[in-house]
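As structure tokens, the structure follows; a few thoughts come after it.
The values are calculated or read from the model by the stated rules, or taken from the named source; none is laboratory data. All of these numbers come straight from a predicted model, not from anything done at the bench. Virtual Cβ from ideal backbone geometry, glycine too; neighbours counted across all protein chains shown.
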Amino acid sequence: MNFQLTLAWRYLTGRVLRTTLTTFAVIFGVLVIFGMNIVLPTMMEGFKANMMAAGGVVDVTVTHVSGGGFPAEVARKLDGIPGLSAYAVSLERTVNLPPDFVDGDPARPDRVSAVNLVGLDPEAARSLQVYLIDEPGRFLQANDTNAAVISESLADAWGVGLGDTISLPSVSGLTDLTIVGILPPRTLPGNEEVLVPLAQSQAMTGQEGQINTIRIALTSVDESARAEATAAIQSALGSGYQVGALDPGSEMFASLKLGQAAFNMFGVLALFMGGFIIFNTFRTVVAERRRDIGMLRALGATRRTITGAILTEGLVQGVFGSLIGIVLGYLFGAFVVRLSAEPMKSFLNINMGSPVVSPALVVTSLLMGVGVTLLSTLLPARSASRVTPMDALRPSLAEVEYKRRAGASFISGVVMIGIALLGLVSGNMGLIALGGLLFLGGLILAAPMLLRPIAWAFGRLLAWFYARQGIADLAQGNLTRQPGRVTVTASATLIGLAIIVALGGMTTSLTGMMDDILHKTLGSDYLFIPPSVAVWNSDLGASPDFAARLGEVEGVEAVASLRFAAGAINGQAVSVLGLDPQTFPQVAGLDFTEGDEAEAYAALASGRNMIVNGAFLATLGVKVGDTVEVTTPEGPRSYTIVAEAVDLLNAKVVTAYISQANLAADFGRTDDVFIMLNLKPGVALEDVEAQIKAIAADYPQFTVMAGKKYIDDMMQYMNAVWAVMFLLLIFLAIPSLIAMMNTLAINVIERTREIGMVRAVGATRKQVRRLVVAEALLLAAVGTAFGILAGLYLGYVIVAGIGVMFPMTYEFPLAGVLAAIAVGLLFGALAAVIPARQAARLQVVEALRYE
Amino acid sequence: MSLIQTENLTKIYGAGEAAVTALDHVNIAVNEGEFVAVMGPSGCGKSTLLHLIGGLDRPNEGNVRIEGVALAEMDDDALTKLRRQKIGFVFQFFNLIPVLTAVENAALPVTLDGVKPSEAKKRAAEWLTRFGLGDRLAARPDQLSGGQQQRVAVARALVSEPALILADEPTGNLDTRSGDEIASLLRDVTKKYGRTVVMVTHDPRIAAYADRIIFLKDGKVVDETNLERKGAADQIASKMKEIGD
Ligand SMILES: Nc1ncnc2c1ncn2[C@@H]1O[C@H](COP(=O)(O)OP(=O)(O)OP(=O)(O)O)[C@@H](O)[C@H]1O
Ligand SMILES: [Mg+2]
């Protein structure tokens, strides 16, 4: 081991540039995985803290499976169940506060940006939890109106004391609450609570008669007795209720999880690239060192020693790369956490803590980094162990074996590509994603065979081109005699460029689609936007009054709104949006992909029918025309799917659109969470702005924005996202381009001796330089051509994959293709020029000495 | 008993039309403590013979016995171990590992055998010093002259104190004086330490240091001469002329 380590270290430090470049590949992959797995859990942690900060002696929590409200009477079913010591119902809602609502000072960041409005039955609540009210205040009483109890810390933040009032947004405008009692400062993370009587919160959220949580304390501490009681509760309430943990943010959680999965995928892809680079490097390394290895074998090194030496080299790189990757990943993660703390707070009300690093993550990252490196080194190490002592004494061409293996890998490559294509046809998101990876892998495997004839043809071309220069044989020979080398170089290029083109295709298509949908679905003149767009559950709406008052403003033609209720189908949470089939199409619109628009709206008005989005169909595995059973607070209701359509805000959430009449009847919800308004023709924004803003002042939970401006803002935001995407893309492309340069350069270095010979027998420097550059360019061209083809396919796959949720058409990424061509040739030339100059400058004697 | 015994040793490279018979039923025996030189025209199979004796390559036909044990019956690991412990090689071309220093290169056979690196280097340094390379221990092969590299290779062959030393043109790149030094050193090794040396050479003067010379031509043993010391070189030169070199 000691000896192997010495040897590995010497070889690694002997080629510093190459070692750095290949190690960088590992560093990068680990960096992405580690960094991203710091950022997202930190966000989730903050999110969890917000959502789960409920304290007390609660043993069991009951919620509706939809996450929404349900009739207060349901709690009665718990009476008489044995094993319950007490229960308390509540209606809890996050109330997001607009910026500067509390302190009114734009210069200072707000200390409170959201509160939890908790409506409870004072008697029952005290049976579960002790509320230590500071003298001389008091706790709530059931018949209190506009009274609230808050913590000392919230009172401080708000600058109020006992007997003062605070103003909170509600569905019926701003509501003033008098503080009747103050609790000790809050120590738990998460939102501050504003405690009010149940009736108060029902009025403020527009959920008359509804509650959304029952907290239960059990008598026994015995596990089986508790399980029995829990089971009794579940059977008393039925399957529409979830007995157990409170999980109101599941939708948001799912999004974050999805994000994490996507980034992990990206990280794995980066590592995969890194692995490929290492594999390539070590293949070259083994070829380069045939003589050394043979010599070691002749002197008595066993096969195991040789395998070990190469693996040790990989191990050293893997360990160093992973460690550096982890450190950089941490810095990157911490940087992103800091950077996003502010927007997370203002947009989503998530307080981000310090970066979360679990020991498991460190271990996993290390294992993955080292594992991938070792895995990539394994094959080259094995082939190194097959080098015989005779290889040192009579270096031979190792191409025969290569041919045989190219055949086998070609077949498996074609099979993998075939499976990838089948995955595409299946339309299943997971299979398509898997197919993308398979396709890349297949391409790498099949490439040698595909590239051989091309290399041969290019060789002929070169021979013809250089015929007059007198070094024709050499030029052709290099390309045709060494297809292995050609393949390695070209496939490195191929992969790098395929990724550029694929992501280019995706970005082009996505931007086009976004622009389209934005204008179609949010094209109205004014928008009234709640704080958490699309996470409707946490938004406080407005009573229909608000929309009605807006409609009365002179110059307003029509007002349309979306209402929200949480529903569930087969246990899957569904966001149910209510719209008015008459007014909605006039002001806004949905982007229909299946079903007739006019008929669909008419159907909504005429019965229990719904329009659903792509995510709905994909997640629930149903199709247009099916009838589904929706869990509502009133029990199960059957709805028929009449069309598939999407609006931008809800595109990635499982969403169904029903009429507002049905939403009121089945879900008991009448508050608007999103309002759109159109002006009469000829009326300018300025004419009505003052009046609209005045009305909106009563409903500070909404941000008023001109539709055009909102679209502009959104587009700007999207562009920022694309910029980040492109940055990541470059990140991903860089290592593969480096790999390409690396292989091209090695290609030249390997032949230093040969070039020296050519010079010795009379080739001029110019001839040598030209030869090397032309060869490298041709190699790059082959790789580029294949890379673009592969990239187009991959991009199509990605678009199709996303299309399951966002319907979109594939747009040809002209920019991406042009960039790929430019980059491919540029790097090809760069990779050639440096070693070519070196080769040309080389003293003939030195070249002959070169080992 | 002979240390080396070959039985109808035959090596054919390639197949069909292009087949080259490098060795053709060669039967030789080398005794313990003997210094044998192998001579013959270029391409007659000298290196091939040495490789087969050293277990670096396998014959098409026939067998090699070292201390009575047939190499054909040994697996790769056993052969490797044999090379490591019993045989020291000096090859026709330099074949030092370029990333290792002179002393590390010379220490390789013992390092590979599991001797502690510091101890291995100490032993190697002793040999190198004996060969006048005491001040070049830390030099890389590309910082050494051809002759110096060759001396490192000879030191490497001797460091594990093997019973058998196989040397292919060990003096090919050396000036007359260094060549003589190496040759007399190999002779010392046989006489003082009782080791066996088989050496390939073109140079009659160098061959004259041997006890016995085997002449090869076209893969066959054409003559064997036991040398009486006086005028050996001339005797060999005329012999070489006779077989057409
Ligand atoms: N790998 C091989 N493939 C085909 N023929 C080979 C191979 N190795 C050696 N030969 C041939 O076998 C014959 C013997 O080669 P060998 O190297 O043993 O000669 P040699 O006596 O050592 O010559 P020299 O004195 O020039 O070193 C030569 O004709 C050579 O061309
Ligand atoms: Mg020879």
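Within segment B:201-214, identify whether any single residue is over 29 Å from B:Q85 (Cβ atoms), free of Cβ contacts under 8 Å to residues at least 40 places away in the same chain, within 16 Å of ligand 2 (Cβ to nearest atom) and acidic (D, E), and answer yes or no.
Yes, segment B:201-214 contains at least one residue that is over 29 Å from B:Q85 (Cβ atoms), free of Cβ contacts under 8 Å to residues at least 40 places away in the same chain, within 16 Å of ligand 2 (Cβ to nearest atom) and acidic (D, E).
Given the condition within 13 Å of another protein chain (Cβ to nearest Cβ), within 26 Å of B:A183 (Cα to Cα) and away from ligand 1 (no atom under 15 Å from the Cβ), answer yes or no: does some residue in segment B:52-60 qualify?
Taking every residue of segment B:52-60 in turn, at least one turns out to be within 13 Å of another protein chain (Cβ to nearest Cβ), within 26 Å of B:A183 (Cα to Cα) and away from ligand 1 (no atom under 15 Å from the Cβ).
Of the conditions (1) away from ligand 1 (no atom under 16 Å from the Cβ); (2) under 20 Å from B:P98 (Cα atoms), B:P170 fails just one. Which one is it?
(1)
Go through (1) within 16 Å of ligand 2 (Cβ to nearest atom); (2) in contact (Cβ under 8 Å) with a residue 12 or more places away in the chain; (3) surrounded by fewer than 23 Cβ atoms within 10 Å (Cβ to Cβ); (4) within 14 Å of chain A (Cβ to nearest Cβ) and name the single condition B:V20 misses.
Going through the list (1) within 16 Å of ligand 2 (Cβ to nearest atom); (2) in contact (Cβ under 8 Å) with a residue 12 or more places away in the chain; (3) surrounded by fewer than 23 Cβ atoms within 10 Å (Cβ to Cβ); (4) within 14 Å of chain A (Cβ to nearest Cβ), B:V20 breaks only (2).
Residue-wise test of (1) modelled with pLDDT of 70 or more; (2) closer than 30 Å to A:D292 by Cβ; (3) within 14 Å of another protein chain (Cβ to nearest Cβ); (4) crowded, with 16+ Cβ neighbours inside 10 Å.
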{"residue": "A:S376", "(1), (2), (3), (4)": "yes, yes, no, yes"}
{"residue": "A:R386", "(1), (2), (3), (4)": "yes, yes, yes, no"}
{"residue": "A:P395", "(1), (2), (3), (4)": "no, yes, yes, no"}
{"residue": "A:V400", "(1), (2), (3), (4)": "no, yes, yes, no"}
{"residue": "A:N428", "(1), (2), (3), (4)": "no, no, no, no"}
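Only one of these is more than 14 Å from chain A (Cβ to nearest Cβ), in contact with a Lys or Arg (Cβ under 8 Å, 6 or more places away or on another chain), β-branched (V, I, T) and within 16 Å of ligand 1 (Cβ to nearest atom): B:T6, B:T10. Name it.
Going through B:T6, B:T10 in turn, the sole match is B:T6.
Can you tell me how many residues within segment B:175-206 are within 16 Å of ligand 1 (Cβ to nearest atom) and outside any helix (DSSP H, G or I)?
Of the residues in that region, 6 qualify.
If B:G33 satisfies every condition in (1) within 16 Å of ligand 2 (Cβ to nearest atom); (2) under 17 Å from the mean Cα position of the chain (by Cα); (3) away from chain A (no Cβ under 11 Å) but one, which is the exception?
(1)
Being at pLDDT below 90, under 17 Å from the mean Cα position of the chain (by Cα) and closer than 22 Å to B:T196 by Cα is the requirement here; does B:V90 meet it?
So B:V90 fits the description; yes.
In segment B:108-123, what count of residues is obtained for those that are β-branched (V, I, T) and more than 7 Å from chain A (Cβ to nearest Cβ)?
Going through segment B:108-123 one residue at a time, the tally reaches 2.
Return the residues of segment B:45-81 that are within 16 Å of ligand 2 (Cβ to nearest atom) and in contact with a helix residue (DSSP H, G or I) (Cβ under 9 Å, 6 or more places away or on another chain); say none if nothing qualifies.
Answer for segment B:45-81, where residues must be within 16 Å of ligand 2 (Cβ to nearest atom) and in contact with a helix residue (DSSP H, G or I) (Cβ under 9 Å, 6 or more places away or on another chain): B:S47, B:H51, B:L52, B:I53, B:G54, B:L56, B:D57.
In the set A:D713, A:D671, which member is modelled with pLDDT under 85 and among the acidic types (D, E)?
A:D713
Test B:T101 against the stated conditions and say whether it is at pLDDT 85 or above, within 12 Å of chain A (Cβ to nearest Cβ) and over 20 Å from the mean Cα position of the chain (by Cα).
The answer is yes for B:T101.
Mind checking which residues of segment A:688-714 are in a helix (DSSP H, G or I) and surrounded by 15 or more Cβ atoms within 10 Å (Cβ to Cβ)?
Hits for segment A:688-714 are A:V688, A:Q691, A:I692, A:I695, A:A696, A:G707, A:K708, A:Y710, A:I711, A:M714.
For the condition within 11 Å of chain A (Cβ to nearest Cβ), more than 12 Å from the chain's Cα centre (by Cα) and either away from ligand 2 (no atom under 16 Å from the Cβ) or more than 20 Å from B:H51 (Cα to Cα) (or both), what is the one hit in B:R177, B:R84?
Just a single option satisfies the conditions, and that option is B:R84.
Restricting attention to segment B:183-193, does a residue exist that is more than 16 Å from ligand 2 (Cβ to nearest atom), crowded, with 18+ Cβ neighbours inside 10 Å, hydroxyl-bearing (S, T, Y) and more than 19 Å from A:L296 (Cβ to Cβ)?
Yes, because at least one residue in segment B:183-193 is more than 16 Å from ligand 2 (Cβ to nearest atom), crowded, with 18+ Cβ neighbours inside 10 Å, hydroxyl-bearing (S, T, Y) and more than 19 Å from A:L296 (Cβ to Cβ).
Looking for something assigned to a helix (DSSP H, G or I), surrounded by fewer than 18 Cβ atoms within 10 Å (Cβ to Cβ), in contact with a Ser or Thr (Cβ under 8 Å, 6 or more places away or on another chain) and more than 14 Å from every other protein chain (Cβ to nearest Cβ) - is there at least one such residue anywhere in segment A:290-310?
Checked against the condition, which is being assigned to a helix (DSSP H, G or I), surrounded by fewer than 18 Cβ atoms within 10 Å (Cβ to Cβ), in contact with a Ser or Thr (Cβ under 8 Å, 6 or more places away or on another chain) and more than 14 Å from every other protein chain (Cβ to nearest Cβ), segment A:290-310 yields no hits at all.
Which residues, counting only those in segment A:493-508, are buried (at least 24 other Cβ atoms within 10 Å of the Cβ) and more than 14 Å from A:G824 (Cβ to Cβ)?
Matches in segment A:493-508: A:A502, A:G505, A:M506.
For residues that are away from ligand 1 (no atom under 16 Å from the Cβ) and either buried (at least 22 other Cβ atoms within 10 Å of the Cβ) or β-branched (V, I, T) (or both), tally how many sit in segment B:27-48.
Residues flagged as away from ligand 1 (no atom under 16 Å from the Cβ) and either buried (at least 22 other Cβ atoms within 10 Å of the Cβ) or β-branched (V, I, T) (or both) within segment B:27-48 amount to 2.
Taking B:V154 as the residue in question, decide whether it is within 16 Å of ligand 1 (Cβ to nearest atom) and buried (at least 23 other Cβ atoms within 10 Å of the Cβ).
For B:V154, the condition - within 16 Å of ligand 1 (Cβ to nearest atom) and buried (at least 23 other Cβ atoms within 10 Å of the Cβ) - is not met.
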